[in-house]
1. Provide the net charge surrounding Asp128, with neighbours chosen by a C-beta distance below 15 Å and charges set as Lys +1, Arg +1, Asp -1, Glu -1.
2. For segment 31-157, what % of the accessible area comes from carbon and sulfur atoms, probe 1.4 Å?
3. How large is the charge dipole for segment 31-157, taken about the Cα centre, if only the Cβ atoms of Lys, Arg (+1) and Asp, Glu (-1) carry charge, to the nearest 20 debye?
4. Using only Cα atoms, what is the ratio of the radius of gyration of segment 31-157 to 2.2 N^0.38 Å?
5. Taking 0.36 nm per intervening residue step and subtracting the Cα-Cα distance, what contour gain separates Lys72 from Val139 on full extension?
6. Rounded to the nearest 10 Å², what accessible area does Asp128 show when all protein chains are kept and the probe is 1.4 Å?
Amino acid sequence: MIFIFIAALLLPISYVSAGADLDVPTNIANRTMAVKGQLYCGKKPFEGAKIRLFRTFQPNAADDLAELLDVKNTYITGMFQVEGGTARFPRTKTDIQPYVTIHHNCGMDNKQTSNYGYKRIGVRLPEDYVTLGIKARKVYDFGILNLELEFPQETHDLKFKFTD
């Protein structure tokens, strides 16, 4: 009888310790976003454009790097994929209104780039692709974008450096 009583006391403890193996995020409010695409300059894939994914809209040419979720350069194929989440942000800043900036010098030579700066394109993305957790469950496909086009609100950023 005493054996059954002790076993009944220890049984719930074994279930609690086994729960530590569950893959539950420490902060359930974490949100994540992923974006992929391919950039061209005319008929050639554009290598070396810098893609930045931000947590919120960046209205100025001077991006707020404190809101940066991820940054990547395009590969030789012009392809990119950026993914980031709010795990490093305070709990009051876990919402994402996804915004991507693309810095490039397509159609410009080195002298033009040094005189005018890199071209900067900013695009707001649909919030439907923001998912809960620390890993993105959906990927927004930007598609193929030709950088020779002049985009609305495209600016030149003299302060931008590829080392940023």
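1. Values: positive: Arg31, Arg124, Arg137, Lys138; negative: Asp95, Glu127, Asp141.
My count for the surroundings of Asp128 gives +1.
2. Numbers: 3490 of 7030 Å².
C and S atoms contribute 50 percent here.
3. Numbers: 18 positive and 15 negative charges, 86 e Å.
That gives a dipole near 420 debye.
4. Values: Rg = 14.7 Å, N = 127, 2.2 N^0.38 = 13.9 Å.
That works out to 1.06 for segment 31-157.
5. Values: separation 67, 0.36 × 67 = 24.12 nm, distance 1.55 nm.
Value of the extension gain: 22.6 nm.
6. Accessible area of Asp128: about 110 Å².
The values are calculated or read from the model by the stated rules, or taken from the named source; none is laboratory data. Predicted model only: the values in this text are computed from it and were never measured. No Cβ is skipped: glycine too gets one built from the backbone with ideal geometry, and neighbour counts run over all protein chains shown. Accessible surface areas use protein heavy atoms only, side chains included; no ligands, DNA or RNA. Shrake-Rupley method; radii C 1.70, N 1.55, O 1.52, S 1.80 Å.
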